[in-house]
Amino acid sequence: MNALREQYVVDSEGERTAVILPVKRYEQLLEDLHDLAVVAERREEEPISLEEIKRRLREDGLAG
């Protein structure tokens with residue numbers, strides 16, 4: 001993971017209250033979060049073998 005270049009917003013007591021990130025990094029974090037949610041959602045699904053995937057792709061005309 002790339003090093004974050006975050007900046008903090010602090011209150012009058014110096015306590016961190018918010019984080020400022022570059023937009024590109026924020027979007028990457030959102031994408032990572034989405035990917036992790038998909039993994040968690042599919043954790044209980046039966047795995048599909050590589051041969052089965054190849055067969056399905058051939059049936060759909062997406063592989064030779």
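A few comments on the model shown:
- Residue in segment 25-38 that is in a helix (DSSP H, G or I), at pLDDT 95 or above and of a type in the set (Val, Ile, Thr) present: yes
- Test: residue in segment 5-20 that is within 17 Å of the chain's Cα centre (by Cα) and surrounded by 10 or more Cβ atoms within 10 Å (Cβ to Cβ): no
- Applying the condition of being outside any loop (DSSP other than H, G, I, E, B), surrounded by 10 or more Cβ atoms within 10 Å (Cβ to Cβ) and of a type in the set (A, V, I, L, M, F, W, C) to segment 39-64 and asking which residue is nearest to the chain's Cα centre (by Cα) yields Ile53.
- Filter result for Ile53 (of a type in the set (A, V, I, L, M, F, W, C) and touching an Asp or Glu at 6+ places or on another chain (Cβ under 9 Å)): no
The values are calculated or read from the model by the stated rules, or taken from the named source; none is laboratory data. In this text the structure is predicted, and so the values were computed from the model without any measurement. Counting neighbours? That spans all protein chains shown, and the Cβs are built from the backbone with ideal geometry, glycine included.
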